[in-house]
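Q: Input: one structure, supplied below.
The values are calculated or read from the model by the stated rules, or taken from the named source; none is laboratory data. This is a predicted model, so every value here is computed, not measured. Methodologically, a virtual Cβ is constructed for each residue, glycine included, from the backbone with ideal geometry; neighbour enumeration extends over all protein chains shown.
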Amino acid sequence: MTCEFIQLPPSEKQKENMLERLREYNVGMAKLKQYDYDPENKSDEGFDYNNPDDLIRKVGMTPEQEVMLTTVLTNELKAYISKKKDIPVYQIELRMTHVKDIKIDYDYLTELVNKLLNAVHDGNDQEADETKDKIDQFANGLDDRAYATKILNAADAIRKGEYPPKGSDFRYPAHLKDCEKVIRAANTISINRVFLNFRGKWGITDVITSAEMCALFSRHRYGKQDLDDAGEISDIIKSASEEYKTMALDEEVQALSRIKYRNGLREAIYKLADKMAEN
């Protein structure tokens, strides 16, 4: 199902099957860990918290495969199902209890970010794609999904050439000792790009700024219709509906009737707000 713990299975049915199998695995492992190992007992039974990898090997995996399955592939599967079924990731009950902390290798992440920056700058597309894939895999292995999302956004912005911005004094070849500032800056650019593209598509660039949208969404709770308490969304839609046929960059949006445009824009705003709230 997992191609030797390298990637998710290809079909949607297999992914659903993997979801159920992971749930069973998580429940089973949790039960096994309830039985503490007693070193004074002559029996070799029980879970030894001082040697957690022993149980992993006994169920037929290496510790590396277990991390790939329960962290990297699990997070990828959660993201896929979340997008496919339009539900927030945190509602997908896949998390299992880890008996050991996974140390975040910031040096390795910094090395990859340097490599990606230089590959994009030098026009080496193959190396850039391969390096971005490694960064994505690194991010998908993190339990801190908020930070993982920042890394994913940053890598995407760098790969697309959006970071560093044109005209900046960024010096090549990149020799960052710490990539944290780059991650933050590139993530911000990625989010701003999302807002800019959204405003352009729906023809609201003159109605609301990206910063104003960000401020509006900052109080949004996932799945709640909570952005129009003071008429903010209604005001945006009212102003936008006057000029959308000339301001919208998307031809399908331009072709909408006014009532369909108003309904579509409201729905799209909440969908984007949910995405930002989840991240």
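Q: For the range 42-83, enumerate the residues that are more than 14 Å from the chain's Cα centre (by Cα) and basic (K, R).
A: Looking only at the range 42-83, we keep the residues that are more than 14 Å from the chain's Cα centre (by Cα), and these are 42-70.
Across the range 42-83, the qualifying residues are K42, R57, K58.
Q: Which one of G28, G46 is more than 24 Å from F138 (Cβ to Cβ), modelled with pLDDT under 85 and surrounded by 16 or more Cβ atoms within 10 Å (Cβ to Cβ)?
A: On the way: G28 fails: surrounded by 16 or more Cβ atoms within 10 Å (Cβ to Cβ).
So the residue among G28, G46 that is more than 24 Å from F138 (Cβ to Cβ), modelled with pLDDT under 85 and surrounded by 16 or more Cβ atoms within 10 Å (Cβ to Cβ) is G46.
Q: Return a yes/no flag: does the range 83-95 have any residue that is at pLDDT 80 or above, assigned by TED's automatic domain parsing to the domain that holds E24 and either within 16 Å of M18 (Cβ to Cβ) or assigned to a helix (DSSP H, G or I) (or both).
A: Taking the range 83-95 first, the residues at pLDDT 80 or above are 83-84.
Those still in the list that are assigned by TED's automatic domain parsing to the domain that holds E24 too: 83-84.
If we keep only those that are either within 16 Å of M18 (Cβ to Cβ) or assigned to a helix (DSSP H, G or I) (or both) as well, we get 83-84.
Yes, because at least one residue in the range 83-95 is at pLDDT 80 or above, assigned by TED's automatic domain parsing to the domain that holds E24 and either within 16 Å of M18 (Cβ to Cβ) or assigned to a helix (DSSP H, G or I) (or both).
Q: While we're on this one: Confirm whether V207 is within 30 Å of V253 (Cβ to Cβ), at pLDDT below 95 and over 25 Å from the mean Cα position of the chain (by Cα).
A: On the way: within 30 Å of V253 (Cβ to Cβ): yes; at pLDDT below 95: yes; over 25 Å from the mean Cα position of the chain (by Cα): yes.
So V207 fits the description; yes.
Q: Sort out which residues of the range 171-182 are over 22 Å from N140 (Cα atoms) and in contact (Cβ under 8 Å) with a residue 12 or more places away in the chain, and write them in order of number.
A: Y172, P173, A174, H175, L176, K177
Q: Among the residues of the range 200-240, which ones are among the small types (G, A, S), under 19 Å from L256 (Cβ atoms) and touching a residue at least 40 places away in the same chain (Cβ under 8 Å)? Write out each step before concluding.
A: Taking the range 200-240 and keeping what is among the small types (G, A, S), we get 200, 203, 210-211, 215, 218, 223, 230-231, 234, 239-240.
Filter once more, so that each one left must be under 19 Å from L256 (Cβ atoms): 200, 203, 234, 239-240.
G200, G203 - these are the residues of the range 200-240 that are among the small types (G, A, S), under 19 Å from L256 (Cβ atoms) and touching a residue at least 40 places away in the same chain (Cβ under 8 Å).
Q: Among the residues of the range 257-273, is there at least one that is under 26 Å from G161 (Cβ atoms), part of a helix (DSSP H, G or I) and under 19 Å from the mean Cα position of the chain (by Cα)?
A: Within the range 257-273, the first condition is being under 26 Å from G161 (Cβ atoms), and the residues that meet it are 272.
Now restrict to residues that are part of a helix (DSSP H, G or I): 272.
So of that shortlist, the ones also under 19 Å from the mean Cα position of the chain (by Cα) come out as 272.
Yes, the range 257-273 contains a residue that is under 26 Å from G161 (Cβ atoms), part of a helix (DSSP H, G or I) and under 19 Å from the mean Cα position of the chain (by Cα).
Q: With the structure loaded, tell me whether T149 is of a type in the set (S, T, N, Q), in contact with a helix residue (DSSP H, G or I) (Cβ under 7 Å, 6 or more places away or on another chain) and surrounded by 13 or more Cβ atoms within 10 Å (Cβ to Cβ) or whether it fails that test. I'd like the intermediate steps shown before the answer.
A: Numbers: of a type in the set (S, T, N, Q): yes; in contact with a helix residue (DSSP H, G or I) (Cβ under 7 Å, 6 or more places away or on another chain): no; surrounded by 13 or more Cβ atoms within 10 Å (Cβ to Cβ): yes.
Criteria not met by T149.
Q: Which residues, taken from the range 208-242, are loosely packed, with under 14 Cβ neighbours inside 10 Å, within 13 Å of R266 (Cβ to Cβ) and of a type in the set (G, A, S)?
A: Once the filter is applied, which keeps residues that are loosely packed, with under 14 Cβ neighbours inside 10 Å, within 13 Å of R266 (Cβ to Cβ) and of a type in the set (G, A, S), the range 208-242 yields G231, S234.
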